[in-house]
Amino acid sequence: MKNTVATFKKMKENHEKISMLTAYDYSTAKLVDQAGINGILVGDSLGNVMLGYPDTISVTVEDMIHHGAAVSRGAENALVVIDMPFMSYQASVYDAVVNAGRLMKEGRGNAVKLEGGEDMCPQIEAIVKAQIPVVAHLGLTPQSINAFGGYKAQGRDLATAKKLIHDAKCVEAAGAFALTLECVPAELAEYITNELSIPTIGIGAGAGCDGQILVYADMCAMFSDYKPKFVKHFGNVGEVMRNAFKAYDDDVKKGTYPAEEHNYTIAPEILKEVINN
Ligand code: KIV
């Protein structure tokens with residue numbers, strides 16, 4: 001059955017944990033979906049993981065539409081959330097609604113996600129009024145990397161912890177149906193989770209959140225540029241792939257691939273005629 005915003009609401013009410021992973025393409029989305037994961041985020045982390053940028057700043061609306069549409073075609077049951085990339089919503093409410101609309105119409109998402117708290121509430125309200133469900137994102141918001149001056153856990157002192165709680169309440173009041181909390185102390189994330197009626201989806205925010213999300217390439221050990229503290233490797237897919245590529249390289253170089261069973265055939269009499277002519 002298709003997961004919807006109503007499923008997420010019910011899961012919070014029933015104290016059932018929500019699972020989410022990122023995906024950026026059709027084949028991976030299908031595997032994630034077949035595993036029974038509740039939601040797929042087409043994260044702007046595609047800038048790092050798929051496109052090799054050092055951050056998410058250069059990701060465009062066109063990138064998100066292209067990858068979002070591929071994921072949506074592979075996600076039968078998972079709710080598909082597509083990230084709004086940097087500067088697709090910050091400059092104006094108008095931009096936010098138009099770009100969220102494109103991610104839904106062209107990217108075929110079921111919801112959009114954007115980063116920011118109180119300052120982004122006019123955008124959240126307007127997108128929700130346009131009947132587009134919104135996931136908010138607080139804590140370490142990677143689009144603010146230049147303002148933060150690095151990738152650091154957030155909400156570890158009194159002022160920033162209080163601001164996080166305030167922002168969480170603001171985005172809920174603005175109509176967000178879920179909230180991603182990234183790199184936030186576990187106790188603070190649990191407190192926020194208990195204060196809100198919408199589900200919190202944690203990444204580096206402890207087990208007290210209503211759900212969890214990871215970048216699939218991190219948890220499969222496929223992305224090796226860096227490993228954040230919160231990442232657990234659930235499988236060594238990177239090594240399995242590298243070994244497969246190596247075995248292919250060996251076979252090609254030895255001439256043992258392709259073998260007889262991989263060949264197409266031609267009737268001997270036709271071949272004879274081709275060669276003799
Ligand atoms: O872009 C992304 O993958 C994200 C997750 C890390 C939450 O925003």
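Computed from the coordinates by the stated procedures, all read-outs in this text should not be read as laboratory data. What you see is a predicted model; the values in this text were computed from it and never measured. A quick note on method: Cβ atoms are made from the backbone with ideal geometry, for glycine too, and the neighbour counts reach across all protein chains shown.
Among the residues of the range 1-58, which ones are β-branched (Val, Ile, Thr) and either within 16 Å of the ligand (Cβ to nearest atom) or assigned to a strand (DSSP E or B) (or both)?
Correct list: Ile18, Thr22, Thr28, Val32, Ile37, Ile40, Val42, Val49, Thr56, Ile57.
Go through (1) over 30 Å from Pro122 (Cβ atoms); (2) within 16 Å of the ligand (Cβ to nearest atom) and name the single condition Phe148 misses.
(1)
List the residue pairs whose Cβ atoms are under 9 Å apart, where the first residue sits in the range 61-87 and is touching a residue at least 60 places away in the same chain (Cβ under 8 Å), the second is surrounded by fewer than 24 Cβ atoms within 10 Å (Cβ to Cβ) and among the basic types (Lys, Arg), and the two are 6 or more positions apart or on different chains.
Close Cβ pairs satisfying both conditions: Glu76/Lys2; Glu76/Lys30; Asn77/Lys2; Ala78/Lys2; Leu79/Lys2.
For the subset of the range 191-210 comprising residues that are crowded, with 20+ Cβ neighbours inside 10 Å and away from the ligand (no atom under 11 Å from the Cβ), which member is farthest from Leu21 (Cα to Cα)?
So the residue we want is Ile192.
Search the range 77-102 for residues being under 19 Å from Gly43 (Cβ atoms) and charged (D, E, K, R), and hand back the single one that is surrounded by the fewest Cβ atoms within 10 Å (Cβ to Cβ).
Step by step, filter the range 77-102, then rank; the result is Arg102.
Identify, by number, the condition in (1) closer than 18 Å to Pro85 by Cβ; (2) in a strand (DSSP E or B); (3) not β-branched (Val, Ile, Thr) that Ser144 doesn't meet.
(2)
Taking the range 157-205, which residues are closer than 19 Å to Val231 by Cα and assigned to a loop (DSSP other than H, G, I, E, B)?
Cys183, Val184, Pro185, Gly204, Ala205
Restricting the search to the range 59-76, which residues are crowded, with 24+ Cβ neighbours inside 10 Å and not in a helix (DSSP H, G or I)?
Selection gives Val59, Ala75.
Out of the residues in the range 77-125 meeting the condition of being in a helix (DSSP H, G or I) and within 15 Å of the ligand (Cβ to nearest atom), tell me which one is nearest to Asp25 (Cα to Cα).
Per the stated criteria, the residue is Leu103.
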